[in-house]
Amino acid sequence: MRAVRLQDLTRVGLWIALYVLLALYPLLWLAAVPAPGDGRFRQELAAALGFLGLSIMAMQFLLTARFQWLAPPFGTDVVYAFHRHVTAVALAFLVLHPLVLLGPGLGGMAEWLLPWRATGAVGAGVWSLYALVVLAVTSYGRRRLRLPYEAWRVLHGLAATAAVLLGLWHAAAARRLLAGPVTRAMWIAWTLAWVALLLRVRVAKPLALRARPYRVSEVRPERGDAVTLVLDPDGHEGFRFRAGQFAWLTLGASPFAAREHPFSISGSSQRAPRVELTVKALGDFTRRVQATLPGARAWVDGPYGTMSVDAFPDADGYLFVAGGIGIAPCLSMLRTLADRGDRRPHQLVFGTGRWERTPFREVLAELATRLDLTVVHVLEHPPDGWTGEVGVVGEDVLRRHLPRGHRGCFVCGPPAMMDAVETALVRLGVPLRDIHSERFDLV
């Protein structure tokens, strides 16, 4: 959940208008060049479905291109969720395209659906459809298929690129769109724009990152199978970030390799351009991170995200609710507030499994001496003699510790915990506009 402030509404409207305009742009051709002969309505509808599906697929690259100037106020997680689900819409349009076009001739559809029978531009359309099916199945079912993240990213990138380029080739077979000078110019501009976007995402962006490497200055083991990488820019000025944001990390390999992963920044924004990323061992890549040695080369693409105390500076104080490694962005915000000498009252409710595995508990105790900060630990498996909160962070715990006044509330942790906490805060009377979170379950 996040509030959309009044000053962001114009930006939201422009963002949505741009998406709709790009999606509907090819339909201008159809209006300008009517289909000849019998079956005109069916041809027009089939063409519209095909171009809409292709437009949506091409814009998938725009949604994930990470343009800083296009960052919407409703958060990166919402954009990626939309990107994931709109794939089904594109697939539906592109499946309907041949069904409507063939109409009464559906009996012969199986002939050209066989890859070895479909040739030329028709074959390109068939292969484009198959690439989109592969993309959708592997994206929605990655965990069930047990596809490693890095293998999935390579397959995802290849399938998406193939679907769009083959779709553009297939669309070029609609010769009536190339008949007149105006529609020919519109088609060329449309095609070149998407090709340029592909080159920007797949070539220009990695080249820019390659010119701005980072070095691992320090590797700090943390409790709970976590490690903090301290990264400094190598030969350039780095970037500034807001407390609570995240970045994409590539270690060792070239930025052209599909090995980047998103991690929250856990260090103070006052100490930029130094970047600290805290990573918990949850998979193959995160376990490799823990074996990283000082001096290793890295590439950092950021910053991203909208969850930050800097976006809500007028609050009387802040409530942070974290679970497990979700403490990382909250820690960044607390460290930044401490470095700024902030004197407002703040509260952290931190849920973990066991006391001995609670990350940053010593750092939090030190921050409590620099801030007006109350830290409430909630343990699922407390040690003998524990007198604090027990169980999971839920409505009962929050009711006992919810501060009064206008507080900005930041929630970060496992998805199920975040859902429960956001619901509990609303039931306890916290306005939706004061609850801020971002989810990092991007795929």
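Every number in this text was worked out from the coordinates using simple rules, so none of it is lab data. In this text the structure is predicted, and so the values were computed from the model without any measurement. Note that each Cβ is placed from the backbone with ideal geometry, even for glycine, and that neighbours are counted across all protein chains shown.
Structure notes:
- Cα-based shape type of the range 214-304, given that a ≥ b ≥ c are square roots of the gyration tensor eigenvalues and the cut on a/c is 1.5: rounded
- Lys, Arg +1 and Asp, Glu -1 on Cβ, resulting dipole of the range 214-304 about Cα centre, debye, nearest 20: 120 debye
- Annotation: the range 309-437 has a Kirkwood hydrodynamic radius of 14.7 angstrom, from the mean reciprocal C-alpha pair distance.
- Nearest-ten-degree value, helix 120-140 long axis tilted from longest Cα axis of the chain: 20 degrees
- Springs between Cα atoms under 10 Å define the GNM used for the chain, and in it the highest mean-square fluctuation of LEU231, LEU14, LEU337 occurs at LEU14.
- In terms of surrounding Cβ atoms within a 10 Å radius of their Cβ, LYS280, LYS205 rank from fewest to most as LYS205, LYS280.
- Lys/Arg +1, Asp/Glu -1 at C-beta; the range 254-370 dipole; positive extreme among VAL309, GLN347, ALA298: ALA298
- From least to most packed, judged by other beta carbons within 10 angstrom and beginning with the fewest, ASP339, ASP301 follow the order ASP339, ASP301.
- Among (i) 30; (ii) 35; (iii) 42, the entry derived from the coordinates for percent of Cα pairs over 34 Å apart: (iii)
- For the range 214-304: relative contact order, % (alpha-carbon pairs under 8 angstrom, 6 or more apart): 40 percent
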